[in-house]
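Have a look at the structure below, then the notes.
Values in this text are rule-based calculations from the coordinates and carry no lab data. Keep in mind that what you see is a predicted model, and the values were worked out from it rather than measured. All Cβ positions, glycine included, derive from the backbone under ideal geometry; neighbour counts span all protein chains shown.
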Amino acid sequence: MSPFFTKNPEKAAAKETAKREGPEEVRRLVAPQPRELACELLPGLGANGVPRRRQGGVGLGALVLWKMDAYSKYTTGFFGPLQAPFQAAVLQLEQAALVERHPTQGGQELLKASALGEQALAEGAVANYLSR
């Protein structure tokens, strides 16, 4: 058989691992309090997080995909269960003035770390800013 049509065992193992661990990661992300999840999400909204759209922000869907990047190719159906917890976590970040919302002409809201959010990321102390 031609080597072009043989399956790569490393790739097959990575796929199986992602299929097995993806649902576990969804359960892990749904379980914590919004404050804990907010600490995990703020890096995605910072300068080195999710690639920005032309308008300068990140949509909630892109944030979910960023967090589930290692599993998204092989796991489906994770967006629905994660939408509400992610919205609650983003609300926590907004209330602490760590995130700003920017509406677009299409009606979607894009998220971006504020100057205070970038400062919290630089200090590595997002949880401290959330408790203020």
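Summary of computed values
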read-out: Calculated FRET efficiency for the pair residue 24/residue 94, C-beta based, R₀ 22 Å, to 0.05; value: 0.15
read-out: Cβ-derived FRET efficiency at R0 22 Å, residue 10 paired with residue 40, nearest 0.05; value: 0.20
read-out: Nonlocal amide H pairs with residue 50, under 5 Å, H built at 1.01 Å; value: 45
